[in-house]
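**Q** Here's a structure for you.
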Amino acid sequence: MIVKREIRTLLEDLLPLVDFDSDFLFAELNSLDVTTILMALADKYGIHLEAVDATPKNLKTLDSIVAMVERKLQEP
Amino acid sequence: MILEDYLERNARLYPDKTAVVCGTETCSYLQLYERSQARAADYAQRRRHVVLFRASQTIDFLVTYFAIHIAGAVAAPLEKDTPQELLDEMAKDIEAIEVPEGIADVLFTTGTTGRSKGVMISHRTIVADAENLIAGQGFSQELAFIINGPLNHIGSLSKTFPVILQGATLIILDGMRDFAQFFQALDYPAPKMATFFVPANVRMLIQFGADKLASYAEKLDFIECGGAPLPHADMLELCRLLPKTRLYNTYASTETGIVSTYNYNDGRCIAGCLGRTMPHSRIIITAEGHIACQGDTLMSGYLGEPELTAQVLRNDTVYMSDLGSIDEEGMLHIGGRQDDVINVGGYKVAPTEVEDAALLLTSVKDCICISTPHPITGNALKLLLVMADGQALNKRQIALHLKQRLELYKVPMLYEQVEHIERTYNGKLNRKFYRQS
């Protein structure tokens, strides 16, 4: 199971301006933030992420990001 | 004719043609013209005076922009996240200034001199930019052009000009963070699609959406890249993904307007080439190797800054900090810059502005803002800080402090605590040392 704290630390270090406690996280992000998140998660967890994964639903909160990573890890 | 005359003409000739699409909202040429006309009454008292307003990625932005022009006032769109304190300060500074006749816009940029200032753009310049883009890149009436960048920036704002002149359709997106929305926009039922990217957009799409982008190869008429140099590897990859699409690298700035363009999907894909000048423009290379531009697309000067203007604009020529050369085919090739301004994804940032804001924090003893390589934007701002005794670096606190005082693109992405900052023998920040290291 992915540790939420681990993802928070990783992303907060890369995006210090973003409030990862927000319930409307996607609304706070710009395109560079979204790409940074995708790149960081793909590198850290060895998962395959694509543009279509960067949906408002997948990036709504830190919990939904964690859930997306867990789903991707289970993909064959 | 000014841009709004073309808008009025299109409202007469093609009243029902879709002028703008933004999310679920659409606006025909007639509706856009009528809304702009009605809104113009709000600015009737501001003739030849600057109207500051935050740019939004909405149809209402265009209505406001056109309305200000129709009223004879001057549009000054600012970053959408401009802090209120900064906006109030700017408003106070320019409230009473009466701008010269014929000025349409004041666009704020760091530009060539490293200080934030208002670039005055005339109505004539707007039409010349539009005609340059029509001739150089083939904007046509059947085109739908996707705007995904901020509309206060010349890169995106200038694309509205040929769209209106040609009676084409504009699709406005609120950035590229929602890739799915961008691809949905490409599904718009127009025979031809086009868009403008800064290099970071290209990198993002290549990294996370290459196959999907390639599926639009038949429909994408052209893509213009600008703001900052596109890495050659990304140019080659775009050519591979979109073999039939015209892919342009353009030389443009707020001060010079849209000057030259090069379709690098020509089988040669020449790195650093920005093509031939467009009909309203000329380029000369100075004895020192700098690019200088002439023609109808030039700015009219910096608002309220005659001395600064004279440093850059003399004898109907704008002198740039960019180094360049012109080859035997008459094509412009760009070298680097010879100043301290840092170009981040198409935005020019004066490092002193960032440093001055950071030094307002008592916990910061010294600092320097430098450029560092970045996998997406090409380069990013990094702030090196010497913290006051007993103070630890808190990235978020510093970033939030800077966000309150600066536009978002000026807030560094990276922060590092260091023991000391390198200075020259006379105590100035040694920027050369950090550029070389």
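FYI, it's all coordinate maths here, none of it is from the lab. Bear in mind the structure is a predicted one, so any value in this text is a computation, not a measurement. Note that we place each Cβ from the backbone using ideal geometry, even for glycine, and neighbour counts take in every protein chain shown.
**Q** How high is the relative contact order of segment B:350-436? Use alpha-carbon pairs under 8 Å, at least six apart in sequence, and give a whole percent.
**A** The normalised contact order for segment B:350-436 reaches 29 percent.
**Q** So what's the back-of-envelope 222 nm ellipticity for chain B, counting only DSSP H runs of four-plus at -39500 (n - 2.57) apiece and dividing by all residues, rounded to 500?
**A** Taking each H run of at least 4 residues, the total per residue is -9500 deg cm²/dmol.
**Q** Enumerate the amide H contacts of B:Asn265 below 5 Å, restricted to partners 5 or more residues apart or on another chain; note that Pro and chain-start residues carry no placed amide H.
**A** Amide H neighbours of B:Asn265, under 5 Å, 5+ apart: B:Leu247.
**Q** Could you tell me the calculated FRET efficiency between B:Ala180 and B:Gln84, based on Cβ-Cβ distance and R0 = 45 angstrom, to the nearest 0.05?
**A** 0.85
**Q** Which three semi-axes in whole Å describe the equivalent ellipsoid of segment B:289-428, each the square root of 5 times a Cα gyration tensor eigenvalue, listed largest first? List each step's numbers first, then the result.
**A** Details: eigenvalues 239, 62, 44 Å².
With the √(5λ) rule applied to segment B:289-428, the semi-axes are 35, 18, 15 Å.
**Q** If I fit a long axis through the Cα atoms of helix A:4-14 and take the longest principal axis of the Cα atoms of chain A, what angle between them do I get, 0 to 90°, rounded to 10?
**A** The helix A:4-14 is inclined about 60 degrees to chain A.
**Q** Under a Cβ-Cβ cut-off of 15 Å, what is the net charge of the residues other than B:Asp174 that fall near it, where Lys and Arg count +1 and Asp and Glu count -1? Present the calculation step by step, with values, prior to reporting the outcome.
**A** Values: positive: B:Arg54, B:Lys80, B:Arg177; negative: A:Glu28, A:Asp33, B:Glu25, B:Asp60, B:Glu79, B:Asp81, B:Asp178.
Summing Lys and Arg as +1 and Asp and Glu as -1 gives -4.
**Q** Same structure, new question: For segment B:97-248, please report how many Lys pairs fall under 27 Å Cα to Cα, leaving out neighbours fewer than 8 apart on the same chain.
**A** Pairs that pass both the separation and distance tests number 10.
**Q** Give the average, rounded to an integer, of partner chain Cβ atoms located within 10 angstrom of each Cβ in A:34-46.
**A** Other-chain Cβ atoms within 10 Å of each residue's Cβ, averaged: 3.
**Q** Testing the spin-label approximation: label points 7 Å from Cα along Cα→Cβ at B:Arg46 and B:Asp5. State their distance in nm.
**A** Placing both labels 7 Å beyond Cα along the Cβ direction yields 2.4 nm.
**Q** For B:287-299, what's the mean count of beta carbons from other chains sitting within 10 Å of each residue's beta carbon?
**A** 0
**Q** If each of B:Cys239 and B:Leu360 carries a label point 7 Å out from its Cα toward its Cβ, how far apart are those two points in nm?
**A** If labels sit at B:Cys239 and B:Leu360, their model points lie 4.7 nm apart.
**Q** Name the residues whose placed amide hydrogens come within less than 5 Å of the amide hydrogen of B:Lys192, ignoring near sequence neighbours (fewer than 5 apart) on the same chain.
**A** B:Ala144
**Q** Something else: What number in nm² do you get for chain B if you take the convex hull of its Cα atoms and divide its surface by four?
**A** So the mean shadow area of the Cα hull is 21.5 nm².
**Q** Which residues in segment B:13-31 have a backbone N closer than 15 Å to a point placed 7 Å from the Cα of B:Asp187 along the Cα-to-Cβ line?
**A** In segment B:13-31, the label zone of B:Asp187 (backbone N under 15 Å from the point 7 Å along Cα→Cβ) covers B:23-24.
**Q** Still on this structure: So how far, in whole Å, is the C-alpha centre of segment B:215-255 from the one of segment B:287-346?
**A** Cα centroid to Cα centroid, the span is 23 Å.
**Q** Using a basic spin-label model with each label point 7 Å from the Cα along Cα→Cβ, how many nm lie between B:Ile284 and B:Lys428?
**A** Going by the 7 Å Cα→Cβ label model, 2.8 nm.
**Q** OK, next. Could you give the radius of gyration (one decimal) and Dmax (whole number) of the Cα atoms in the protein assembly as shown, in Å?
**A** 22.8, 70
**Q** May I ask you to give the average projected area over all directions of the convex hull of the Cα atoms of segment A:4-74, in nm² rounded to one decimal?
**A** 4.1 nm²
**Q** Something else now. Once the Cβ-Cβ distance between A:Ala67 and B:Glu218 is put in as r, and R0 is 35 Å, what FRET efficiency do you end up with, to the nearest 0.05?
**A** Efficiency, from the Cβ-Cβ distance: 0.45.
**Q** Quick check on the exposure proxy: order B:Ile134, B:Ile147, B:Ile291 from fewest to most C-beta atoms within 10 angstrom.
**A** Numbers: B:Ile134 19, B:Ile147 24, B:Ile291 27.
The most exposed by this proxy come first: B:Ile134, B:Ile147, B:Ile291.
**Q** Moving on. Efficiency by 1/(1 + (r/R0)^6): what FRET value for A:Glu6 and B:Gln417, r their Cβ-Cβ distance, R0 = 25 Å, to the nearest 0.05? Don't jump to the answer; show the numbers that get you there.
**A** Numbers: r = 23 Å, r/R0 = 0.92.
E between A:Glu6 and B:Gln417, to the nearest 0.05, is 0.60.
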